[in-house]
Each structure stands twice: as C-alpha cells, then as structure tokens.
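The values are calculated or read from the model by the stated rules, or taken from the named source; none is laboratory data. For clarity, every value in this text was computed on a predicted model and none was experimentally measured. So basically every Cβ, Gly included, is an ideal-geometry build from the backbone, and we count neighbours across all protein chains shown.
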Amino acid sequence: MGKLTYLVLHCTATPEGRAVTADQIRSWHTSPPPQGRGWKQVGYSAMIHLDGRVEILTPFDEDDDVEKWEVTNGAAGINSISRHIVYVGGTDKNGRAKDTRTQAQRIAMDNFVKQTIAAHPSIKVAGHNQFAPKACPCFDVPTYLRSIGVDETNVHK
C-alpha cells in the first residue's frame, strides 16, 4: 500500500476506568450500521488496556511497508501509510474529553512510541486530532512526545 509514515495515537472515547475488550472494538467498527460503522477492518493496530497490557488487534510486521492486511481504519486519508494505537478511555463519566491514561497506560504508550521510532526512525507520531476535527486522543500529542524525549524530527506538527 505505502511506506509507513505515521504512528497515530487514539483513545476509545469511553469513560475513565471502564474496561474495553478487543471484541467490543471490533464490533463497534465492523458491525453493520446502526450497531457499528460497517468497516471491513478494525480502526487500530494495537490497544493499551487500563492495566498497561498491549493487545495487537491487527497483526503487523516490522518492515517499513504497510501491506494491505496491515491497514486499519484509524484516520481517513492516511490509513495506507499509518499504524494506529488506541488507549482505553478518553472521557470523563459525563462523556467529556479527558486524558484518562493510567500510569500503566502511560508507561506502555511511552514504550510503544519509543520502540516504534527505534524500528522506524523516520516515522512521525501524531494524535488523531491532528488529522480530523476530534478531541481524540484527548491530550496534546506534540507536548506529550517532547515530555518523553522524542526527537522533533518524529513529532508531527
């Protein structure tokens, strides 16, 4: 499909502290409307659970090419050149956007981002909200990346 260019960070847009399963994500994305979105593929490559466990939702290899079987529906217009990771959470109990990452999720996300950059040194890391008018992932990704020491060359602006 294309050269891996972006790692896009997402949230599930679910209330703080509420667990979400891979099967729920798949259903939300691939079930026919109105229950789901009717997509052929889930929106994310991987999901970070509340306890920091990373679960692969769509298998991917470590080369710099995004193969057809690796494409997920995370952000319209860039899916063929992106990998998408989602953390469980992203809203307060009233459904308002909020960075709800647990300490375990933050550590897992830090590691995932840094490992992805190490494997793909030219990749740009961004939030979903940098490609679409959404709150997702409910935190400022460039600021976050700088706070964990990511080089500016890997920060999508």
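Counting the residues of the stretch 113-138 that are surrounded by fewer than 21 Cβ atoms within 10 Å (Cβ to Cβ) and either assigned to a loop (DSSP other than H, G, I, E, B) or of a type in the set (Lys, Arg) (or both) gives 10.
Kindly establish whether THR12 is loosely packed, with under 13 Cβ neighbours inside 10 Å and either in contact with a strand residue (DSSP E or B) (Cβ under 6 Å, 6 or more places away or on another chain) or farther than 21 Å from ALA132 by Cβ (or both).
Numbers: loosely packed, with under 13 Cβ neighbours inside 10 Å: no; either in contact with a strand residue (DSSP E or B) (Cβ under 6 Å, 6 or more places away or on another chain) or farther than 21 Å from ALA132 by Cβ (or both): yes.
It is false that THR12 is loosely packed, with under 13 Cβ neighbours inside 10 Å and either in contact with a strand residue (DSSP E or B) (Cβ under 6 Å, 6 or more places away or on another chain) or farther than 21 Å from ALA132 by Cβ (or both).
Just one of the listed residues (GLY74, GLY17, GLY38) is in a loop (DSSP other than H, G, I, E, B) and surrounded by 15 or more Cβ atoms within 10 Å (Cβ to Cβ), namely GLY74. For the stretch 31-47, state whether one or more residues are closer than 21 Å to VAL141 by Cβ and of a type in the set (Ser, Thr, Tyr). Scanning the stretch 31-47 turns up at least one residue that is closer than 21 Å to VAL141 by Cβ and of a type in the set (Ser, Thr, Tyr).
Scanning the stretch 26-50 for residues that are closer than 23 Å to ASN111 by Cα, modelled with pLDDT under 95 and either of a type in the set (A, V, I, L, M, F, W, C) or more than 18 Å from the chain's Cα centre (by Cα) (or both) returns a single hit, VAL42.
Quick one: count up the residues across the stretch 42-71 that are aromatic (Phe, Trp, Tyr) and either over 22 Å from PRO121 (Cα atoms) or touching a helix residue (DSSP H, G or I) at 6+ places or on another chain (Cβ under 6 Å) (or both). Matching residues across the stretch 42-71 total 2.
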